[in-house]
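Chemist: Before anything else, here's the structure in question.
The values are calculated or read from the model by the stated rules, or taken from the named source; none is laboratory data. This is a predicted model, so every value here is computed, not measured. All Cβ positions, even for glycine, are placed from backbone atoms using ideal geometry, and neighbour counts span all protein chains on display. The area values use the complete protein model at the heavy-atom level, side chains included, leaving out ligands, DNA and RNA. Shrake-Rupley method; radii C 1.70, N 1.55, O 1.52, S 1.80 Å.
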Amino acid sequence: MRGVNRVMLIGNLGRDPDVQYLEGNIAVAKFPLATTETFKDRAGKLISQTEWHTVVLWRGLAELAQKYLHKGSLVYIEGRLRTRSWEDKEGNKKFATEVVGDNLIMLDKRTDGAGHHGQHPNTHGENIEGFNADVPPLGEPSQDLPF
């Protein structure tokens with residue numbers, strides 16, 4: 001039986017995309033994305049829970065993110081989960097699970113003719129927990145496949 005590795009997220013960027021260019025001028029963008037669910041507890045009190053996801057975009061999507069996305073942008077991301085591991089300077093094994101995006105749709109409403117999008121700031125007071133900017137540079141996605 002075949003496996004399925006599909007992720008669909010709608011959320012706000014926690015910061016501007018960090019874009020790097022690898023050998024061969026290949027663009028890679030990385031940013032934290034916050035998804036917030038709101039529900040009522042048993043007492044009827046409204047509760048909000050925010051999850052932070054590390055999103056990685058390659059090539060044209062990375063360049064699109066660099067040009068149009070900023071902290072607070074509302075986006076739909078579709079892609080797959082990928083977990084990488086490496087050893088830090090002290091020899092400890094580290095892991096990072098990322099969403100490698102295959103599809104990006106900008107959901108912000110236009111506010112003027114200059115192409116600027118409205119911002120949706122984080123109003124819940126959460127910080128960007130779990131977003132690790134110290135993850136080593138990415139290799140090509142096909143380079144670390146186990147098969």
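Chemist: Specify the residue that is nearest to Tyr68 (Cα to Cα); the eligible residues are those in segment 12-42 that are open to solvent by 20 Å² or more (accessible area, probe 1.4 Å) and of a type in the set (A, V, I, L, M, F, W, C).
Modeler: Residues of segment 12-42 open to solvent by 20 Å² or more (accessible area, probe 1.4 Å): 12, 15-26, 30, 35-42.
Next, only the ones that are of a type in the set (A, V, I, L, M, F, W, C) stay: 19, 22, 26, 39.
Working: Val19: 12, Leu22: 21, Ile26: 18, Phe39: 31 Å.
The selected residue is Val19.
Chemist: Considering segment 33-56 alone, what residues qualify as being touching a Ser or Thr at 6+ places or on another chain (Cβ under 6 Å) and within 14 Å of Tyr76 (Cα to Cα)?
Modeler: Of everything in segment 33-56, those that are touching a Ser or Thr at 6+ places or on another chain (Cβ under 6 Å) and within 14 Å of Tyr76 (Cα to Cα) turn out to be Ala34, Thr36.
Chemist: Yes or no: segment 91-107 includes at least one residue that is among the small types (Gly, Ala, Ser), at pLDDT 50 or above, within 30 Å of Ile47 (Cβ to Cβ) and touching a Pro at 6+ places or on another chain (Cβ under 8 Å).
Modeler: Within segment 91-107, the first condition is being among the small types (Gly, Ala, Ser), and the residues that meet it are 91, 96, 101.
Now drop any that are not at pLDDT 50 or above, which leaves 91, 96, 101.
Retained after the next criterion (residues that are within 30 Å of Ile47 (Cβ to Cβ)): 96, 101.
Filter once more, so that each one left must be touching a Pro at 6+ places or on another chain (Cβ under 8 Å): none.
No.
Chemist: Let me ask another. Which one of these is modelled with pLDDT of 95 or more, touching a Phe, Trp or Tyr at 6+ places or on another chain (Cβ under 9 Å) and not β-branched (Val, Ile, Thr): Leu64, Leu33?
Modeler: Working: Leu64 fails: touching a Phe, Trp or Tyr at 6+ places or on another chain (Cβ under 9 Å).
Result: Leu33 is the single residue among Leu64, Leu33 that is modelled with pLDDT of 95 or more, touching a Phe, Trp or Tyr at 6+ places or on another chain (Cβ under 9 Å) and not β-branched (Val, Ile, Thr).
Chemist: To continue, here is another question. What strands (runs of 3 or more DSSP E), lying completely within segment 1-103, carry at least 3 residues that are without any contact (Cβ under 8 Å) to a residue 40 or more places away in the chain?
Modeler: Working: elements: 7-13, 18-22, 26-40, 46-58, 74-87.
Ranges flagged: 26-40, 46-58, 74-87.
Chemist: Quick test of your reading of the structure: Leu74 fulfils all but one of (1) under 16 Å from the mean Cα position of the chain (by Cα); (2) surrounded by 11 or more Cβ atoms within 10 Å (Cβ to Cβ); (3) at pLDDT below 95. Name the failing condition by number.
Modeler: Only one criterion is unmet by Leu74, namely (3).
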